[in-house]
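Chemist: First the structure, which I've put down as structure tokens, then a few questions once you've had a look.
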Amino acid sequence: MWPTGRQTCRGGEIESNHDAIRGHAVDKNQHMPKFKTNIPILVFVALAFALGGPSREAFSQNNNGAVAQDSPLLREPDSPEALFEAVDLMVRLARPELAKRYLVQLVESDPSEETLLKLKDTYGTALFLRFSTMESLQPESKQLLEKLNVAARKQAEDPARTQQFIDDLIAGGVKREQALIMLKNLGAPVVPMLLQRLSMTTDEVERTQLLQAIIHIGPAAIPVLHGGATAPGEALQQVSIEALGWLEDRTAVPLLWYPAFGTRDQPAMTFTARTALMRIFRTNQVSNVEIEGLAAELNRLTQLHLSNRYHWALNPNQKVAMWLYDPTAELLRPSEVDPEEASLILGAHFASQALRVSPENNEVQATFLALALARDFSRSGWDRPLPTGPGTAHDLALTSGPGVLGDALHIAIENANTLAALASLQALSQVASPNQLQMLDSRKSSILTALNYPSPRVQFAAANTVLQIDPERKFPGCDRVVDILARAISDSRMPHALVVDADPTRADRWATMLNDQGYRSQSVRTGREGFRVASERVDVQLIVVHANCIDWVLSQTLSNLRADARTAAIPIVIYGPRELEFRLEGTLERTSHSRFLTQDVDAAYLDLELNKFLRGLGTPDLTPELRTEQVSSAAYWFAQISSSQRTGVYDLSSAEEAILNGTNDPAIARHCLIALSAIPSKNAQKKLLENAVDPQQQLELRKTAAFQLTYHIQRHSWLLNGADLQSLNAAYQREVEENSEMATSLAAVLGTLKPNSKLVGDRLQGFQSTR
């Protein structure tokens, strides 16, 4: 490394290696370090050539302090500090290969956390960040930055160290200035302890010093102060709000409305919040806000978060960094949450405030309930049932009554919150009455509206709720209930992808790539055919459409897919030549749940982008377990409709094909056989007969089929031909010899055929009594 002290070089002076790193600016155009002395450029170039040029024998040494042959250093760095200095110097000298070499040595030396923190204090975090962005220094530069981040987090989370700084801050004198600098360097992680101390002190001098320390930290403290402003405890809220005012944080304004105008029984809080607003808006006064207006604004903020329309600032992990109150430690703690969860947390805060301002307002009540249900569901997870029992939002919803719960469902649908809609429907299925399937206040029933919500899971929950209500007369939407059940029972329980492309070669390539992603792919040539398939199949979870779509064109295909409730929520990928992406921006904006990919992507890129796109939609697909449960539930309801005399309300004929196919699934075959008895068709009767006479079929299913065949014939008469009758008689004769129980079931079928007198006589004469 450079010798310490000043060195004479052809009549000029150069700085030590350490000073060169810290003091020399870099000319971005010339990539040449600027020395503080007046050494001519040519002299410096000659020096650099002499140190690093062709005459390298003088630098060919061994590893014991040896200098690399092409290094301009007089001595190789022998410590982490020296290596870091060398990396910085080589970057400044535009010698990336040497910078990389020394950086690799530095990382391999595994510097201690204490060493890294000293380097950070000496050079600042910016230099570490700069190295991490240089491709020539990666991946070691990123590894070094991550190690520094870990060390910095540990340092900031050391309560004893932070407490010492706070004590030094309060002590005053020289220690106060040093503590102020250290607290600012530590940044956001020390703010919770400062707030805790500030909320507890009654000493005005100490209070002022603590508040100044937070303000000195600056914008980095704002996220923590937001957490404090929404945390429980008036003292913590008040000091956080005061600090936000001093920092003139405009993003905090929504958090100040209730403290400023809804806490009139807490004059200190009211004064602090209004003063903060005046500082933020730089005014001498703020206008008063009436209770009704305050409730409306807080309710609007709640629904803004309920609808996930709030634009959060995301970190590199696509998460929201929030500071949440830990009641055990009585401190704010950092947390990373999804944007949807962050909105549920902050939305619940606004909802509670709105309810305190206007507890009897129906819309405020319904919004509060919708958000509470969504939050409970989010905590339990999409793949788990909504929590029930005392203290849960579900039980709160039950006790609130069907009226408020119906309004909560309406608000959930308006704000496109699938979690709230699902949870509301689950509770409504237990308390709703048939009256809630009628028009309410010039508004369509929220339950019936949910039948067309752009999520198959919500649609099924709405159908289940209607069936639980069990209306005795037809209502608008009864056919839609049957359609939803039919789509559910047709689910293949494997995700299906649909490719719409007139070019078969290109379509096959995309179908193959999608198959590799775990889909079962199907290709069609036209937009019209794509819509038909997507609307008829329940298992289509992705539609991929080429931009040059034919019969219908792309815009017509997309419009029809989004206009139909059966396909409105299916994600759509449009692919085509790269030059079309810009021209399709408007189309993508108008089409929900859609994105563009170039047609020549490879499988790896498709996997990456497809997963990113689907994760961003926020509504996970059904798990295999939930999908199986939904299929079983649909079959059960078909059987219930058939056996409970509700065929006057629900016509199952439109679901005939789905029910016929369901008889081939052992898990739901019995329910489907029962459902067939309500469908007055030859195919339904034929399927019942086939199952009744098939000796390979399970005995219980055969008996069910025979019983339902008897019922079908009684309701709709014999619809089959002579050959079918012969097969029935043959089966009966066989079972008389082999299985008396099955023979009895088939005997009942024969009896419904109203045999003539001769046939009855023959049977009577052939009877041999065993008594």
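The values are calculated or read from the model by the stated rules, or taken from the named source; none is laboratory data. What you see is a predicted model, and the numbers here were worked out from it, not measured in a lab. No Cβ is skipped: glycine too gets one built from the backbone with ideal geometry, and neighbour counts run over all protein chains shown. To get the accessible areas, we keep the full protein, side chains included, count just its heavy atoms, and leave off ligands, DNA and RNA. Shrake-Rupley method; radii C 1.70, N 1.55, O 1.52, S 1.80 Å.
Chemist: Over the Cα atoms of segment 503-658, compute the convex hull volume and normalise it per residue, giving Å³.
Modeler: Values: hull volume 21.0 nm³, N = 156.
Value for segment 503-658: 135 Å³ per residue.
Chemist: Now for a separate question. On the first, second and third principal axes, largest extent first, how far apart are the outermost C-alpha atoms of segment 112-195 in Å?
Modeler: Computed over the Cα atoms, the extents are 48, 22, 21 Å.
Chemist: Still on this structure: Principal axis extents for segment 685-756, Cα atoms only, whole Å, descending order, please.
Modeler: 28, 23, 18
Chemist: Scaled to the compact-protein estimate 2.2 N^0.38 Å, what is the alpha-carbon radius of gyration of the chain, rounded to two decimal places?
Modeler: On the way: Rg = 37.4 Å, N = 771, 2.2 N^0.38 = 27.5 Å.
My calculation over the Cα atoms of the chain gives 1.36.
Chemist: Over segment 368-472, with the other protein chains present, what is the accessible area per residue in square angstrom, probe 1.4 angstrom? Walk me through the intermediate numbers first.
Modeler: Values: 4120 Å² over 105 residues.
The answer is 39 Å² per residue.
Chemist: Dipole of segment 213-315, Cα-centred, from +1 at each Lys and Arg C-beta and -1 at each Asp and Glu C-beta, to the nearest 20 debye?
Modeler: On the way: 7 positive and 8 negative charges, 49 e Å.
Dipole of segment 213-315, to the nearest 20 debye: 240 debye.
Chemist: Grab the beta carbon distance between Thr623 and Asp564, set R0 = 22 Å, and tell me the FRET efficiency rounded to 0.05. Kindly include the intermediate steps, with their values, before the conclusion.
Modeler: Numbers: r = 26 Å, r/R0 = 1.16.
That pair, Thr623 with Asp564, gives E of 0.30.
Chemist: Now, a different point. Treat every Asp and Glu Cβ in segment 102-202 as -1 and every Lys and Arg Cβ as +1, leave all other atoms uncharged, and give the resulting dipole magnitude about the Cα centre to the nearest 20 debye.
Modeler: Numbers: 12 positive and 13 negative charges, 76 e Å.
Dipole of segment 102-202, to the nearest 20 debye: 360 debye.
Chemist: Here's a follow-up. Taking 8 Å as the Cα distance limit and 6 or more residues as the minimum spacing, I'd like the relative contact order of segment 530-643 as a percentage.
Modeler: So the answer I get is 20 percent.
Chemist: If you average the sequence gap of Cα pairs under 8 Å that are 6 or more apart and divide by the length of the chain, what percent do you get for the contact order? Before the final figure, lay out the partial values.
Modeler: On the way: 1047 pairs, mean separation 38.3, N = 771.
So the answer I get is 5 percent.
Chemist: Another question about this same structure. For a label point 7 Å from the Cα of Ala220 along Cα→C-beta, name the residues of segment 306-324 whose backbone N is under 18 Å from it.
Modeler: 315-316, 321-323
Chemist: Test of understanding: express the Cα radius of gyration of segment 249-363 as a ratio to 2.2 N^0.38 Å, with N the residue count.
Modeler: Numbers: Rg = 15.4 Å, N = 115, 2.2 N^0.38 = 13.4 Å.
This ratio for segment 249-363 stands at 1.15.
Chemist: Let me ask you something else. Simple spin-label model, 7 Å along Cα-to-Cβ: Met494 to Phe475 in nm?
Modeler: About 3.9 nm separates the two model spin labels.
Chemist: Hey, another quick one. So what's the back-of-envelope 222 nm ellipticity for the chain, counting only DSSP H runs of four-plus at -39500 (n - 2.57) apiece and dividing by all residues, rounded to 500?
Modeler: Numbers: 38 runs with 457 residues, N = 771.
Helix contribution divided over all residues of the chain: -18500 deg cm²/dmol.
Chemist: Using the structure shown, select from Lys474/Lys682; Lys100/Lys612; Lys474/Lys703; Lys184/Lys612; Lys147/Lys612 the pairs with a Cα to Cα distance greater than 31 angstrom.
Modeler: Distance filter (> 31 Å) returns Lys100/Lys612; Lys474/Lys703; Lys184/Lys612.
Chemist: Per residue, how much accessible area does segment 573-685 show when a 1.4 Å probe rolls over the protein heavy atoms, in square angstrom? Please list the in-between numbers first.
Modeler: Values: 5620 Å² over 113 residues.
Value for segment 573-685: 50 Å² per residue.
Chemist: Can you give the accessible area of Cys478, probe radius 1.4 Å, in Å² rounded to 10?
Modeler: About 10 Å², ignoring ligands and nucleic acids.
Chemist: Moving on. Residue farthest toward the positive end of the dipole of the chain, with Cβ of Lys/Arg at +1 and Asp/Glu at -1: which of Leu428, Asn560, Leu129?
Modeler: Result: Asn560.
Chemist: With a 1.4 Å probe and all protein chains left in place, how much of the accessible area of the chain comes from carbon and sulfur atoms, in whole percent? Each step should come with its number before you reach the end.
Modeler: Working: 19340 of 38070 Å².
Ligands and nucleic acids excluded, carbon and sulfur give 51 percent.
Chemist: Also, quick follow-up: Less than 14 Å Cβ to Cβ from His394, Lys/Arg counted +1 and Asp/Glu -1: what total charge do the surrounding residues give?
Modeler: On the way: positive: Arg375, Arg379, Arg384; negative: Asp376, Asp395.
Once all neighbours under 14 Å are counted, the net charge is +1.
Chemist: Calculate how many DSSP beta bridges within the chain are antiparallel, expressed in % of all such bridges and rounded to the nearest 5. It would help to have the intermediate numbers written out before the result.
Modeler: Details: 13 of 32 bridges.
Around 40 percent antiparallel, to the nearest 5.
Chemist: Along each of the three principal axes of the Cα atoms of segment 418-554, give the extent in whole Å, ordering the values from largest to smallest.
Modeler: Extents along the principal axes, in whole Å: 55, 29, 24.
Chemist: Give the average over all directions of the projected area of the C-alpha convex hull of segment 374-429, one decimal, in nm². Intermediate values should be presented prior to the final figure.
Modeler: On the way: hull surface 13.8 nm².
Here the figure is 3.5 nm², rounded to one decimal.
Chemist: How big is the charge dipole of the chain about its Cα centre, in debye rounded to the nearest 20, if each Lys and Arg gets +1 on its Cβ and each Asp and Glu gets -1 on its Cβ?
Modeler: Values: 75 positive and 88 negative charges, 230 e Å.
Computed charge dipole of the chain: roughly 1100 debye.
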